[in-house]
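The values are calculated or read from the model by the stated rules, or taken from the named source; none is laboratory data. Just so it is clear, the model here is predicted, and its values are computed rather than measured. When we count neighbours, we look across all protein chains shown, and the Cβ atoms used for this are built from the backbone with ideal geometry, even at glycine.
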């Protein structure tokens, strides 16, 4: 079988790519030629307008067999800001399944961003087990709440909540970016994403102003329940805030919608959100053993992958790894990306990390790159990895020390769809 060629798609490749996507994702509704042509025009416009994203295809003997969309993201990684590679819309021609097309695409994606200096990559998996085998680790779970508006606190200053229009787009983006720059895991908005905020006429946007500046905003839509036009849920799309006052004001606004809204639907990675609610129950009548009321549903989604272990720790040179002092030999198993496989010596001095070329060490940790990725992001503790048999340590007396090294104040949060 000839070696594949992977490169950025030219405009002439896009119609063939649209046909592959239509079959790979039938839910997109692109079976009709007219719909595929509209998709092609959108792709052409996107590639021309947004240089941070692009479509890349895999070909053999000049035939396009599959492709993907890549994204250059600016991500907050603990206390640093790094380039993170994102991938989405991975699709393979129906006639060329089981020919390692998807595997070759992802391998190229990882090597591409490693060569560009990105220490980490991210994706939303169509199957988590498929990408776990390629070294991606699980991120923070998403929780979907369905609560009564009256469950929200009414203490906020609602007089500062105002309706937003397209004229407020730059202020809303600036508010979001300030939030994202301080919150581990968040991604800066791209131009295309920022423009979409006011593009949907069904979406409502309100903001909290303080001192003449936007300090928080809320985007939401109404979702009709059944056939009754007067029975609606309110679904939150975005909720960002820079202060407790901004959050309280926006929540007070939501509380006043009780006369029009049955339930508020909110998908969030904030693990403590239920503490805000007077009644966190989601309306289900089921109990978990023994008397636990159903409050939300959860799902796994965004996955992370470290693609350059030394580059990660260079990027985090100014980060405080739990104030710990020790020398760690970190042995990472990465069979999918051999350049990332092997041992790295790290000296931690009162939390500051330094890469060492050689020397003695206090303890060695051995684990797969998927588990390292989840550990580094703070999605799981080292103590849990060790207990579950997902990480090995040369001296169990250092389990707590290593746990403190990688403990984060909060798990990563990411609200960027791609």
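A few comments on the model shown:
- Hey, residue 168 without any contact (Cβ under 8 Å) to a residue 60 or more places away in the chain and surrounded by fewer than 16 Cβ atoms within 10 Å (Cβ to Cβ) or not: no
- Checked against the criteria, residue 185 counts as assigned to a loop (DSSP other than H, G, I, E, B), in contact (Cβ under 8 Å) with a residue 12 or more places away in the chain and on the phi > 0 side of the Ramachandran plot.
- Count - residues of the range 86-104 that are free of Cβ contacts under 8 Å to residues at least 40 places away in the same chain and either part of a strand (DSSP E or B) or on the phi < 0 side of the Ramachandran plot (or both): 7
- Looking across the range 188-219, the residues that are out of contact with any helix residue (DSSP H, G or I) (no Cβ under 8 Å at 6 or more places or on another chain) and not in a helix (DSSP H, G or I) come down to 190, 199, 200, 201, 202, 203, 204, 211, 212, 219.
- Identity of the residue in the range 285-310, in contact with a helix residue (DSSP H, G or I) (Cβ under 8 Å, 6 or more places away or on another chain) and not in a loop (DSSP other than H, G, I, E, B), that ends up surrounded by the most Cβ atoms within 10 Å (Cβ to Cβ): 305
- Some residue of the range 343-352 being crowded, with 20+ Cβ neighbours inside 10 Å, out of contact with any helix residue (DSSP H, G or I) (no Cβ under 6 Å at 6 or more places or on another chain) and in contact (Cβ under 8 Å) with a residue 24 or more places away in the chain: yes
- Looking across the range 135-146, the residues that are surrounded by 22 or more Cβ atoms within 10 Å (Cβ to Cβ) and touching a helix residue (DSSP H, G or I) at 6+ places or on another chain (Cβ under 9 Å) come down to 135, 136, 137, 139, 145.
- Residue that is in contact with a helix residue (DSSP H, G or I) (Cβ under 8 Å, 6 or more places away or on another chain) and surrounded by fewer than 16 Cβ atoms within 10 Å (Cβ to Cβ), where the choices are 22, 32, 53, 49: 49
- Top-ranked residue of the range 10-34 - restricted to ones that are free of Cβ contacts under 8 Å to residues at least 12 places away in the same chain and assigned to a helix (DSSP H, G or I), ranked as farthest from residue 58 (Cα to Cα): 34
- Residue in the range 106-121 that is on the phi > 0 side of the Ramachandran plot, modelled with pLDDT of 95 or more and part of a strand (DSSP E or B) present: no
- Filter pass, residue 274 being surrounded by 11 or more Cβ atoms within 10 Å (Cβ to Cβ), free of Cβ contacts under 8 Å to residues at least 40 places away in the same chain and either on the phi < 0 side of the Ramachandran plot or within 28 Å of the chain's Cα centre (by Cα) (or both): no
- Residue in the range 151-165 that is under 30 Å from residue 81 (Cα atoms), surrounded by 15 or more Cβ atoms within 10 Å (Cβ to Cβ) and more than 23 Å from the chain's Cα centre (by Cα) present: yes
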